[in-house]
Amino acid sequence: MASDLPCHHRALVLEAVGAGFETKKIPMPSLDAGSAIVQVLSAGVRSYHREIYNGQRHYNFPKLIVGGISAIARIAAVGPDAVALHAGQLVFADCKIHARDDPDSLFVTAIHEGMNDRSKKLITDVWRDGVFAQYAKIPLENCIPLDETKLCRQLGYTTNDLMDIKLEPGETVVVCPATGGFGGAGVQVAVAMGARVIAMGRDEEELARLSAHIKSGTPRASIETVKLTGDLETDTVALQAFGTIDAVIDFTPPFACKSTHLKSAVEDVIDYKVMALNITLKGKLMYEREDVVLFVKMLESGLFPRGKDFADVKAFAMEDWNEALDTAAEHIGIGKVVVIEPWS
Ligand SMILES: NC(=O)c1ccc[n+]([C@@H]2O[C@H](COP(=O)([O-])OP(=O)(O)OC[C@H]3O[C@@H](n4cnc5c(N)ncnc54)[C@H](OP(=O)(O)O)[C@@H]3O)[C@@H](O)[C@H]2O)c1
């Protein structure tokens, strides 16, 4: 362990699903080759974190566990094989971990153990604990460096998000639902990539807020909004008015799986035209590392409009984890962020 790191630190520990977190002093993780110890500055709380940890949403992960997902963090120490990362650097600590000798075995830290025995072994034995803690051990490749001067001092950013499809400039993409954390981020990324974006959702006010925000920063942005009525025919006709749709991004929560919005966007192609029209259907767990790197470059070059009135961050101390999880479940929408600050 690096000599200047304390032996213990505070973390939110979950002993069993439904038992709630306890703030505990736990040993500092060991600093091994291939890893970094980061000081967690701002740990993201997702709207569905509460459901995962209270058992309403059936995600499997080992217990006991330190909760979390991704975080903005500062590197405290790096393993002996680090050649580019160094102590003091601001990073995005990414929660999606791949086995180094089998990248297809992957899991999401502290919320989902993945789909096979290999990923289960890794989350159980090596990368178990998440970022609801003062320190966390992160694979080197999951520490994405952030240009602190540009992002924090010049552009004023604090937190971020992203996603992935093979989208080309000028293509038309439907994002639905567009009013959630991931959908809203998808809209912003697609606009920044030069796509024509159709943002669809139930909440017209939120769609208008998103559109106005994007146009205020990027007046030439191509963004349209469509209210999701839930009536398949009405929604299909509304989307057909935009002509050919090149891509559809769907971030539907499991409880909304009966919503017909995806069907209205892809019409009847799933039934018989997938092969004839050379259509790709892609399920995706999170994103790839290169997408995160690309996204950070987009952020650093100021491609995302940002305004203090649009970003609405609610920060909580670790002890207030319950309130943080409750707030995250309600504080939903683009620019609405809930974080746990382990040092406050
Ligand atoms: N593939 C992956 O790797 C991946 C990664 C992260 C998350 N996810 C999934 O994506 C989901 C969304 O995540 P998030 O963070 O964006 O959630 P979020 O911020 O809670 O947003 C939920 C979105 O779903 C919409 N919605 C809720 N019920 C609906 C319904 N019955 N019909 C249509 N739309 C409905 C909401 O629209 P309103 O504004 O109208 O309520 C809102 O836009 C999560 O639940 C998670 O399962 C997948």
Handout entry: Among 139-151, 249-261, the order from most to least packed when residues are scored by Cβ within 10 Å on average
Key = 139-151, 249-261
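Taking only protein heavy atoms into account and a 1.4 Å probe, give the accessible area per residue of the chain in Å².
Values: 16660 Å² over 344 residues.
It amounts to 48 Å² per residue over the chain.
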Practice task
Take each of the peptides 197-203, 293-299, average the number of other beta-carbon atoms within 10 Å over its residues, and list them starting from the highest.
Solution key: 197-203, 293-299
Exercise for the section: State, as an integer percentage, the relative contact order of region 172-272 based on alpha-carbon contacts under 8 Å between residues 6 or more apart. Expected result: 32 percent
Exercise for the section: Average the reciprocal distances over every distinct pair of alpha-carbons in the chain, invert the result, and give the Kirkwood radius in Å. Expected result: 21.1 Å
Completion exercise
The rounded separation in angstrom of the Cα centers of region 189-232 and region 82-101 is 33 Å
Completion exercise
Excluding ligands, DNA and RNA, the carbon-plus-sulfur percentage of the accessible area of the chain with a 1.4 Å probe reads 52 percent
Problem - Listed residue pairs exceeding 23 Å between alpha carbons, taken from 63/121; 25/150; 258/282 - result: 25/150
Handout entry: Tilt relative to the chain, helix 204-217 - C-alpha long axis, 0 to 90 degrees, to 10
Key = 80 degrees
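Over the chain, what is the percentage of antiparallel beta bridges among all DSSP beta bridges, to the nearest 5?
Values: 37 of 56 bridges.
The answer is about 65 percent antiparallel.
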Exercise for the section: Would you work out the relative contact order for the chain, in percent, from Cα pairs under 8 angstrom that are 6 or more residues apart? Expected result: 19 percent
Exercise for the section: Would you compute, for the Cα atoms of region 16-126, the largest minus smallest coordinate along each principal axis and list the three values in descending order, in whole Å? Expected result: 42, 32, 25
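By how many nm would the segment from residue 281 to residue 344 lengthen if fully extended, with 0.36 nm per residue of separation less the alpha-carbon distance? Each step should come with its number before you reach the end.
Numbers: separation 63, 0.36 × 63 = 22.68 nm, distance 4.39 nm.
Computed gain between residue 281 and residue 344 is 18.3 nm.
From the C-alpha coordinates alone, can you work out the Kirkwood hydrodynamic radius of region 172-272, in Å? Before the final figure, lay out the partial values.
Working: mean 1/r = 0.0744 Å⁻¹.
Final number for the Kirkwood radius of region 172-272 is 13.4 Å.
The values are calculated or read from the model by the stated rules, or taken from the named source; none is laboratory data. Being a predicted model, the structure only gives us computed values, none of them experimental. Positions of Cβ are generated from backbone atoms using ideal geometry, with glycine treated the same way; all protein chains shown enter the neighbour counts. Protein only, heavy atoms only, side chains kept; ligands, DNA and RNA dropped before computing areas. Shrake-Rupley method; radii C 1.70, N 1.55, O 1.52, S 1.80 Å.
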